[in-house]
1. With unit charges on the beta carbons (Lys and Arg positive, Asp and Glu negative) and the dipole taken about the Cα centre of chain B, which residue among B:34, B:236, B:197 sits farthest to the positive side?
2. Report relative contact order for chain A in percent, whole number only (criteria: Cα-Cα under 8 Å, sequence separation at least 6).
3. What order do you get for A:184, A:366 when you list them from fewest to most C-beta neighbours inside 10 Å?
4. Which residues' amide hydrogens lie under 5 Å from the amide hydrogen of residue A:384, considering only partners 5 or more residues apart or on another chain, with H built in the peptide plane?
5. Two decimals is fine: what is log10 I(q)/I(0) at q = 0.08, 0.09, 0.13 Å⁻¹ for chain B, from a Debye sum with one equal scatterer on every Cα and no solvent?
6. Taking neighbour Cβ counts within 10 Å as the exposure measure, how do B:400, B:480 sort from fewest upward?
7. Can you sort B:414, B:105 so the residue with the fewest Cβ neighbours within 10 Å comes first?
8. Averaged over B:228-234, how many beta carbons belonging to a partner chain fall within 10 Å of each residue's beta carbon?
There are 2 protein chains.
Amino acid sequence: MLERTAIPDTTEAELDHVLTAAAAAAPAFGALRPGERAAMLRAAADALDAAAGELVPIAQAESRLPEARCRGELGRTTFQLRLFADVLDEGGYLEVTVDTADPDWGMGPRPDVRRMLVPLGPVVVFGASNFPFAFSTAGGDTASALAAGCPVVVKAHPGHPRLAERTGAVLTRALRDAGAPDGVFAVVYGEETGRRAVLHPRTAAVGFTGSIPGGRALHDLAASRPHPIPFYGEMGSVNPVFVTRAAAAARGAEILGGYLDSFTLGAGQFCTKPGVLLVPEDTPLDDLVANAAGRAAAPLLNARVAAGHAARQGELVDHPATEVLVLGAAGETGWTPTLLRTDAEALLAHHEALLEECFGPTSLVVGYSDEEQLVAVAGTLQGQLTATVHAEPAEPVAARLLPVLTERAGRVLWNGWPTGVSVTHAMTHGGPYPATTSVLHTSVGTTAIRRFLRPVSYQSVPQELLPEAVRDGNPLDLPRRVNGRLETPRRG
Amino acid sequence: MLERTAIPDTTEAELDHVLTAAAAAAPAFGALRPGERAAMLRAAADALDAAAGELVPIAQAESRLPEARCRGELGRTTFQLRLFADVLDEGGYLEVTVDTADPDWGMGPRPDVRRMLVPLGPVVVFGASNFPFAFSTAGGDTASALAAGCPVVVKAHPGHPRLAERTGAVLTRALRDAGAPDGVFAVVYGEETGRRAVLHPRTAAVGFTGSIPGGRALHDLAASRPHPIPFYGEMGSVNPVFVTRAAAAARGAEILGGYLDSFTLGAGQFCTKPGVLLVPEDTPLDDLVANAAGRAAAPLLNARVAAGHAARQGELVDHPATEVLVLGAAGETGWTPTLLRTDAEALLAHHEALLEECFGPTSLVVGYSDEEQLVAVAGTLQGQLTATVHAEPAEPVAARLLPVLTERAGRVLWNGWPTGVSVTHAMTHGGPYPATTSVLHTSVGTTAIRRFLRPVSYQSVPQELLPEAVRDGNPLDLPRRVNGRLETPRRG
């Protein structure tokens, strides 16, 4: 049985203690060999997997997500920790670059200069409501920061505080047992605690997943510090889907079915939920409407998410340019989907109002009369996490859409659906503002580690005083760029 | 003869026109093959070299820097453009990563995902007073942004407006003649124009080199935008130098001579000028004092820099913890060096007041009684562009200093001097705030290009619609990471 007592907010003194301990742990943790930290990440993954029986029921109870989803998400979380461990073992993430002394260098004699990436220091992570495992306590930001060699202080999401506490306990114990220094991981509680953590002098960077207003407020705090720090906010997205005339003709029913599944997955509570679908105006929507109307209600994560969805859904329903196809409603077991409709001309006229995220099971179908309107709509988009094209091969409009979408989105998909972000080497889960506050980075995929590293160059430092990564003879067997030329290690 | 009429400030309408043109040029310029942009950078370098006879005298007149320095700096500038062209030809900067579809991927079937870096869009560059070529109109920020594929709008430094105009004209013509789209480069004028440019909706990123107050004000503007953008400010640094007892004993006179040369180089107007030198308290300083007192006066860049130096030098002179060894003064031909002295205990007590940059030919010698004080002083440092250790081999204190300095500086030097930053693959010219506003990046060296690129991933996009860089068969012959494994191209 779950304890039902509330977890009290972390006090200012406790937070200071936690961040001071994190800063004290940073040098030793950051100085570990990548392979040593890899072993710690694997130990953490094993411990979390072993604790599934305890953690999954807490996640279900706090997030109202079904058991299979919670189990799958925990699996994604531990897979991610192990994949990042593999990245540490390979070592290319250190971006080691060695320029040996060169008296004939074109701008004058060059000293010996050796560059590598080093950890930033303590990272504060704000967990997300909608992924109690994969974007929370032991999620992507935590895994990235630990992999980079940064201690982590998680500000628990109020939607799943008990899970944060228990996940944190498992992670803390596993890291300690694997030899990590004390202070390398902690969980703190409370909204004001979060703001204090962003402003705390020991905090070196912040990872955040959540709403645009929440992310923007914390971004502004981080930028306002006497010493500003990197703030990585992954926020909102409409994730538009463009269906060409030929694609609609060839497989319209299949596309509409995929769309319904994607925008209602997890009750629409994904930052990659397709919030807008553009189809030819004569596309028959009867089956889509019937299927949407027939979907069972699904619970939203918590009362706050439900209220936010109701408010935004209401704005879309009330907007003079939209027509309601299916009106979702809140029942005892949750929300049923809402499906709205407008046309491309209206969307172009009201794009600011209509192309704003609605977090939850609501989406907007946009009928277009002319494929030129697809390109025009693409040109009005703000920054997006994803943008998707459904088209047939060799369609000129698709070739025109892709570059416009590339300018505006972090991930461009073809004949697929944006929900279900895979954790891979090549994945980007990011994009221009307001998709994120930091357009250069991703919060999913192995390059997410790069957010918590900075370059340092050693000039003419003797071999024995250099970090192993940049020494002659490549003792860590890393991929390195030597005198401008990329060298892969012997082990290949 | 130089024209002496002032260049009027760019009007708001003109700025809007320039940035609209830059944004219009961005897609075509960004879509060029790296090798095509490399040819444009080389053409720009050739044109600037060919214009040396015109440009160098303007630089001398406007900056009061000697001819040899101006010629050398122009050479550095064109070398940099050509080195960045080589980086484009090699192509590793695109960070191409290909994950092919994998049904057995650990977290569930993996789609085909292909990542590369793409340009951000128009970049506004604020040139520096002290490097009229290398950190100004055609300098490092401009070269980085153009290499990345971003149009550039330079806000001319008021210290050398005519040089900005003429350099801009040479660069604009060379880029146009080499086939770059119109609008890809422009120069604008005026302080208010600079602020407007940072806030302009078409601006995608900003590069800045200058003072802490100036950089911080523009950083805050960039962060305050409705859509915040990356701001790369390279600002101030004290560049401390730590001399161990053994090093002072072995080669004290040589070290003090190197120090004097380094802190008076270019009249101390380098962001890498050593502003603090820590030596054993019994180090004889007579020769240093005599040599400093004997140095000829050198002109400062302009009246504003001279006034800033006089003010900060006055604060250091008046500080109760300092003693004046040599009092520099402004004469008809410029300033003579100022040398101050304090002890380590006083420095630790007053580190905030004493460890603030003084831009110009002033530096502070700190006598220490115990090498522990070196470690303590290192621990009080704010972010630095550089930190230097002079030591003998196998000294324990050096091994303790290096990690502490690595946490606080972008470049750590051994038995050398920080002035004269080489442009290489491994160079970092950056560091924690206030050295820069963006601790993850460098403004010198080939990885400076990374500041103006963002990742995009293509998911399941057909080969013929993908950018060449990420297609099967590697048609651009790039280094790529394929399914997690780094592959160097055939050409090797």
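None of the figures in this text is laboratory data; all of them are computed from the coordinates on show. Please read all numbers here as calculations on a predicted model, not as lab measurements. Glycine also receives a Cβ, built like all others from the backbone with ideal geometry; neighbour counts cover every protein chain displayed.
1. Value computed over the given set: B:34.
2. Details: 1051 pairs, mean separation 88.0, N = 492.
It comes to 18 percent, rounded to a whole number.
3. Values: A:184 25, A:366 28.
The fewest-first ordering by Cβ neighbours comes to A:184, A:366.
4. Amide H neighbours of residue A:384: A:409, A:410, A:435.
5. Reported log10 I(q)/I(0), two decimals: -0.53, -0.66, -1.20.
6. On the way: B:400 15, B:480 25.
With the fewest neighbours first, B:400, B:480 line up as B:400, B:480.
7. On the way: B:414 19, B:105 16.
With the sparsest Cβ surroundings first, the list reads B:105, B:414.
8. Values: counts 11, 3, 3, 2, 0, 1, 0.
Neighbouring Cβ atoms belonging to other protein chains average 3 per residue here.
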